[in-house]
Amino acid sequence: MELRDIDYFLAVVAERSMRAAAKRLGLTQPALTKAIRRLEEEVGAQLLDRDARGVALTVYGRSFLRHARSLQAGMTEASSEIRALAAGTAGLVRIGAGPRWQQRLLPEAIRRFRRDRPDVQLAVVGGADDVLKEQLSAGELDFIVASIPEGTEFPALEGQGLLADEYRVVGDQDHPLRRKPQPTLADLFDYPWVLPNPKTYLMARFEAILRAHGLSPPRPMIETDLPTMRFALMRGSELLSVHIVGQLRAFRETRIRPIEIEEACWHRPSGLIRRRGVEPNPAAEALMRIVEELALLESPTAETTESVAA
């Protein structure tokens, strides 16, 4: 069944005349008559009664009319939706946000995005960076904002570094280590630890630093991937952890601060990550550009860097 034949049928019903409908459609009357007969053959019933006064719906025609109008409306809606998707003014964008980005840059990017595209639905999920990268690799997200993959960590992903994350050992503002003039890596082992999952990038990098100095990684008293839980446990205690410094600001955490041990400090680019070779939908692309613009405003002297997982 051809969609144009349904359009022809609806035009005949609206005009109540084969001649008037043919004129409106820019067809010859024989061509229109042939199309209607073709439609009747396909549905297996006569849809129109024809006489000198024009055409009228048969009982079968009245039933078919309801479905024909529904189909035409559905096609019109589908065409409008596709045009909106292509223009980036409709659809769904699925975003993954690492802890640092959940309260920094991304909320403002979403506010700006919605001003121009209020009909686009946004789904934002949070979690540890490595978990989000696994979800993105599986096609469950359109893009994420997190630490950029290194080497062969996630070969299906590619990233654009926008900001530099600084990693440090952190503890309470009154932690005893702060009374030492020059604390060392070895001094860290005099205190208990609350740490994230040992399989995360953060812990792998921290362990590599310790082993390079002839030290074994500390055994945590408490293990949790919840940043706010680690902050709460460290307040007023001797517990230590390893964390992104910028995330302390994002969570407005003032009591937990970096411990000044330069050997335990490193930097890693953070920014937009997408699946390699997969073009995001126009709406997702628009939101990514807003994130990029805001990152440049926050760090105007820093150039964006491309970091692609090999």
Between residues in the range 245-264 that are closer than 16 Å to L202 by Cβ and without any contact (Cβ under 8 Å) to a residue 24 or more places away in the chain and residues that are outside any helix (DSSP H, G or I) and of a type outside the set (G, A, S), which pairs lie under 6 Å by C-beta distance while being six or more apart or on different chains?
none
Search result, residues across the range 245-266 that are touching a Leu at 6+ places or on another chain (Cβ under 8 Å) and closer than 18 Å to A97 by Cβ
G246
Name the residues in the range 154-182 that are more than 22 Å from P227 (Cα to Cα) and aromatic (F, W, Y), would you?
F154
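Every residue, every condition in (1) exposed (fewer than 13 other Cβ atoms within 10 Å of the Cβ); (2) of a type outside the set (A, V, I, L, M); (3) under 17 Å from I261 (Cβ atoms); (4) outside the structural domain of G127 (by TED's automatic domain parsing), yes or no:
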| position | (1), (2), (3), (4) |
| --- | --- |
| V169 | no, no, yes, yes |
| V194 | no, no, no, yes |
| L202 | no, no, yes, yes |
| E207 | no, yes, yes, yes |
| A212 | yes, no, yes, yes |
| R219 | yes, yes, no, yes |
Across the range 138-177, which residue is farthest from R289 (Cα to Cα) among those that are out of contact with any strand residue (DSSP E or B) (no Cβ under 8 Å at 6 or more places or on another chain) and of a type in the set (D, E)?
D174
Taking first residues from the range 227-238 that are charged (D, E, K, R) and second residues anywhere that are part of a helix (DSSP H, G or I), the pairs with Cβ under 8 Å that are 6 or more apart or on different chains are E238/P176
Can you go through E223, E238, E253, E262 and tell me which one is touching a helix residue (DSSP H, G or I) at 6+ places or on another chain (Cβ under 9 Å) and surrounded by fewer than 16 Cβ atoms within 10 Å (Cβ to Cβ)?
E238
Residue in the range 114-162 that is nearest to R274 (Cα to Cα), counting only those that are buried (at least 21 other Cβ atoms within 10 Å of the Cβ) and β-branched (V, I, T):
I144
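Listed here are the residues, each with its yes/no results for (1) at pLDDT 80 or above; (2) surrounded by fewer than 19 Cβ atoms within 10 Å (Cβ to Cβ); (3) assigned to a helix (DSSP H, G or I).
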site: I36; (1), (2), (3): yes, no, yes
site: R50; (1), (2), (3): yes, yes, no
site: Y60; (1), (2), (3): yes, yes, yes
site: S63; (1), (2), (3): yes, yes, yes
site: H67; (1), (2), (3): yes, yes, yes
site: I95; (1), (2), (3): yes, no, no
site: E108; (1), (2), (3): yes, yes, yes
site: R112; (1), (2), (3): yes, yes, yes
In the range 12-32, how many are surrounded by fewer than 17 Cβ atoms within 10 Å (Cβ to Cβ) and part of a helix (DSSP H, G or I)?
8
Looking at (1) at pLDDT 85 or above; (2) of a type outside the set (F, W, Y); (3) not in a helix (DSSP H, G or I), can you tell me which one T89 breaks?
(1)
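The values are calculated or read from the model by the stated rules, or taken from the named source; none is laboratory data. Note that the structure is predicted; figures quoted are calculated from it, not measured. When we count neighbours, we look across all protein chains shown, and the Cβ atoms used for this are built from the backbone with ideal geometry, even at glycine.
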